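Read the structure below first, then the notes.
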Amino acid sequence: MTPEITTWALIACEALMLVVQLRIARHVKGPLSVILTGQAVFWGLAYVARPAYLVIARPTTADELADSRMMGVGYAEALMHVLALVCAGQLVFTVAVVLALTLLPKHRVNFTPVTEGEPRALVYAAFTFWCVGWLFRLPLAEDFEAVSSIARSFAPIGGGMLILLVRDRRNSALPLVLVPVLLGEVVTALGEGSKTALIVPALALVLRWNRRGVPHLRRRLLLLGSLVLIGFLIIQPLKGIDTAERVEAVNPGPLGKIQAQSVALIERFDGVSAVQDALAHGPNNWLSAPALLSRSVSYVVPGMSEDVALGQRWTREVRTSSIPHQYQDVSLAAGSTAEGYALGGWPGVFVENGLMGIATVLLGIGLASRRPYSLLIACVFVFSTTLFELGALGMLQRVNRIILLSAVLLLILPFTRSFDRFFREKASVRASDAGDTADQESTRERISG
């Protein structure tokens, strides 16, 4: 077969496996269904839409999606090797998810979503996380650079937890909580050009709707997806990326405008480029075993690796080997397939994707837990892009956030529980007084009658 036919067959294979993942998502219940669906959509853009565009358009150096390494051998032939790795990783991930669902007790897999029984104390704690994170987003926090990068990450986690957990009752203050959180994350997304700040609240809203069983869910999902898409297209120019304008200038007209916006969207999902980075760098050629152990420890211990982000290390140590003139300060997401191949070749791809599949199932179950720390751990991973575009090292880097947030939660949970008891007692007293008043009125009516 020619490289073009093989590449299209691999694209179709990847698309088919993502369809299977969507079917699994429909079969399971609760938050895991949302996570699996989100992963399928994310990976569909990265590993189906983007390769298809590269094969069809064969972009040159004037195109933001062009890859000089792929152009050298031809996009179809280069993508044939890239997609072979991607499909193998996707197959292992799917098998790991199915095995985890099969081996876990049925009552753990088909779990009942969290009901109104979750403690309001955890809602107060989530609000505290969000406020702390937002304080360190302000310009005044630049004087505390040593801790600001860590504390800033509290905001999306706390905001996601708030959206997920805050109660929805008649005459409640729900809008007073959700509106500031959603607006705050949107402002952050526009101000910093961050797609994570858009993904987290959107994912939290979908998880909330899934848990509550809201009516007209498909309409809500369509509206939310449209808003996130618009947000992506707005963020691109704010980051100085004028891909849409340049594509539209070459291809004017309505069709050109659609093409321009489509290219601007899939440009943000560059998992294929990361796999090409790993292939060009070579298998088992990134970190030695001692270096990997040392780096893993530095990621787990809070504050040890904040000088250089994980994505920047990938840029400087992996991509630069095949693209010497690559801008060094950009942070690139590798993904479990690319990272696994760079660390351990094909076995590394199998191991990382297998672990990612098991972790996805466990975190989906954790999101439905009534235990504060289980829920917190799940939220730390889910309310980031770790499950979508990072690998094992990215998951290790989340562990230090778990340590910090668990320590903070351990300190503030007694106070938030006290607030919860205080408000419950006041509500009970008001209800009791209302009951006494009703009894007195009833007695008066009987006497007067």
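Couple of notes before you dig in:
- Full extension of the chain between Asp329 and Ser374 yields a length gain of 12.7 nm, computed as 0.36 nm times the residue separation minus the alpha carbon distance.
- Label point distance in nm, Leu224-Leu104, each placed 7 Å from Cα along Cα→Cβ: 2.0 nm
- Available extension along the chain between Thr320 and Ala9 is 108.9 nm, counting 0.36 nm per residue and deducting the alpha carbon span.
- Figure note: Lys29, Lys195 ranked by solvent-accessible area, largest first, 1.4 Å probe, ligands and nucleic acids not counted: Lys29, Lys195.
- Solvent exposure, largest accessible area first (probe 1.4 Å, DNA, RNA and ligands not counted), of Met395, Met356, Met71, Met1: Met1, Met71, Met395, Met356
- Rolling a 1.4 Å probe over the protein heavy atoms of region 268-420, with every protein chain left in place, gives an accessible area that is 66 percent carbon and sulfur.
- Once the chain from Glu64 to Asn284 is taken as fully extended at 0.36 nm per residue, the excess over their C-alpha distance is 76.3 nm.
- Rolling a 1.4 Å probe over the protein heavy atoms leaves Trp209 with an accessible area of roughly 40 Å².
- For the set Asp67, Asp329, solvent exposure ranked by accessible area (probe 1.4 Å, protein chains only) runs largest to smallest as Asp329, Asp67.
- Exposure of Glu77 as accessible area (Å², to 10), given a probe of 1.4 Å and all protein chains: 80 Å²
- Ligands, DNA and RNA are left out, and with a 1.4 angstrom probe the accessible area of region 280-413 is 40 Å² per residue.
- Computed from the alpha carbon positions, the gyration tensor of region 303-393 leads to an equivalent ellipsoid with semi-axes of 28, 17, 9 Å, biggest first.
The values are calculated or read from the model by the stated rules, or taken from the named source; none is laboratory data. In this text the structure is predicted, and so the values were computed from the model without any measurement. Cβ sites come from the backbone with ideal geometry, for glycine too, and all protein chains shown count toward neighbours. Side chains included, ligands, DNA and RNA excluded: accessible areas come from the protein's heavy atoms. Shrake-Rupley method; radii C 1.70, N 1.55, O 1.52, S 1.80 Å.
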